[in-house]
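Asker: Before I ask anything, let me first share the structure, which is written out below as C-alpha cells.
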Amino acid sequence: MFTGIIEELGHVVELVPGADSARVTVRGPVVTADAVPGASIAVNGVCLTVVDLAGDTFTADVMAQTLALTSLVTAAPGVAVNLERPVLAGGRLGGHIVQGHVDGTGTVVDRVPGDGWELVRVAVPAALSRYIVAQGSITMDGVSLTVAELEDKPEGGSVVTVSLIPETLSRTTLGHRALGEWVNLEVDVLAKYVERLTTNQVAAR
C-alpha cells in the first residue's frame, strides 16, 4: 500500500517492448537504497515489482493490461516519473490509501497559475467520474490530491480541478504536465467497494 506522497522524481533509463508486455528500467537513488528483488515501487502511481537492481536503477516488467490502462505506454528514456515506496507498517499515512492499481487515464485540459501555486484541470472519463466527489481524494500520477472542484459534463465524464502547491509543482511530474498530456488516475478504492456492495444488495432484493 502507498500513500501518494512522492519520495523522488526519477527518470526512465530504458523501455524494452515485448510482444504483449515491456520491461522498464528506472533511475531512483532514494527508492533503490533499500530495495530488493520482489519489492514494490510505485512509478507514476503504478505499482511495479522489482526484478533487477543495478546501482541506483531498478528494472520491472509491465504487463499488457498496465500498458493499456496507464501512461507508461508512452514512457521513453529521459522521461521523468514519480516514485514512491510502500508505506511501512506503523508509518504515517500522509496522503490517503493508494493501492498503486491505476484505474485509467485523464487528460490535462487547463492550467491556471497563481502566486506560487497552480490550478490544474483534468478531464476524467465517465467510467471513473462517478467515484469522485468534491473535497474527496484522488491520485494523479501517484500523487495524493484533494478534489477542489468537480464539474460534470453533459456529454458524460467530468473535469476535476486540483490545487498544486509549490512543493508538488517542483517535486512531481504534475509540475510540467502540458495540455493534452495524460495523467494516471486512481480513484478512492472505498468508493468502488461501496458501489459493489450496494449494487449487490439491490440485486438481491
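The values are calculated or read from the model by the stated rules, or taken from the named source; none is laboratory data. These numbers were taken from a predicted model, which means no experiment stands behind them. Glycine also receives a Cβ, built like all others from the backbone with ideal geometry; neighbour counts cover every protein chain displayed.
Asker: Give me the residue from the stretch 20-44 that is outside any strand (DSSP E or B) and touching a helix residue (DSSP H, G or I) at 6+ places or on another chain (Cβ under 9 Å) and, out of that set, farthest from residue 167 (Cα to Cα).
Answerer: The residue in question is 20.
Asker: May I ask you to list the residues in the stretch 45-65 that are assigned to a loop (DSSP other than H, G, I, E, B) and exposed (fewer than 14 other Cβ atoms within 10 Å of the Cβ)?
Answerer: Scanning the stretch 45-65 gives a single hit, 55.
Asker: If residue 176 satisfies every condition in (1) out of contact with any Gly (no Cβ under 7 Å at 6 or more places or on another chain); (2) farther than 16 Å from residue 96 by Cα; (3) surrounded by 13 or more Cβ atoms within 10 Å (Cβ to Cβ) but one, which is the exception?
Answerer: Failed condition: (3).
Asker: Can you pull out the residues in the stretch 90-119 that are surrounded by fewer than 17 Cβ atoms within 10 Å (Cβ to Cβ), among the aliphatic types (A, V, I, L, M) and part of a strand (DSSP E or B)?
Answerer: Correct list: 109, 112, 119.
Asker: Additional query: Pick out the one residue from 87, 122, 160 that is in a loop (DSSP other than H, G, I, E, B) and surrounded by 15 or more Cβ atoms within 10 Å (Cβ to Cβ).
Answerer: None of the others qualify; the one that does is 87.
Asker: Right, next: Of the conditions (1) part of a helix (DSSP H, G or I); (2) free of Cβ contacts under 8 Å to residues at least 24 places away in the same chain; (3) surrounded by 14 or more Cβ atoms within 10 Å (Cβ to Cβ), residue 191 fails just one. Which one is it?
Answerer: With (1) part of a helix (DSSP H, G or I); (2) free of Cβ contacts under 8 Å to residues at least 24 places away in the same chain; (3) surrounded by 14 or more Cβ atoms within 10 Å (Cβ to Cβ) applied to residue 191, the lone miss is (2).
Asker: In the list 76, 80, which residue meets the criterion of being modelled with pLDDT of 95 or more, of a type in the set (A, V, I, L, M, F, W, C), surrounded by fewer than 19 Cβ atoms within 10 Å (Cβ to Cβ) and closer than 27 Å to residue 167 by Cβ?
Answerer: 80
Asker: Yes or no: residue 134 under 21 Å from residue 188 (Cβ atoms), over 17 Å from the mean Cα position of the chain (by Cα) and without any contact (Cβ under 8 Å) to a residue 40 or more places away in the chain?
Answerer: Judged against the criteria, residue 134 is a match.
Asker: Checking residue 42 against (1) closer than 18 Å to residue 105 by Cα; (2) at pLDDT below 95; (3) small (Gly, Ala, Ser); (4) surrounded by 14 or more Cβ atoms within 10 Å (Cβ to Cβ), only one condition comes out false. Which one?
Answerer: Status for residue 42: all satisfied but (2).
Asker: When you go through (1) under 23 Å from residue 158 (Cβ atoms); (2) surrounded by 13 or more Cβ atoms within 10 Å (Cβ to Cβ); (3) at pLDDT below 95; (4) outside the structural domain of residue 187 (by TED's automatic domain parsing) one by one for residue 68, which number turns out not to apply?
Answerer: Unmet for residue 68, out of (1) under 23 Å from residue 158 (Cβ atoms); (2) surrounded by 13 or more Cβ atoms within 10 Å (Cβ to Cβ); (3) at pLDDT below 95; (4) outside the structural domain of residue 187 (by TED's automatic domain parsing): (2).
Asker: Here's another thing I want to ask about it. Name the residues in the stretch 86-121 that are among the aliphatic types (A, V, I, L, M) and over 13 Å from the mean Cα position of the chain (by Cα), would you?
Answerer: Listed by number, the residues that qualify are 87, 88, 89, 93, 108, 109, 112, 119, 120.
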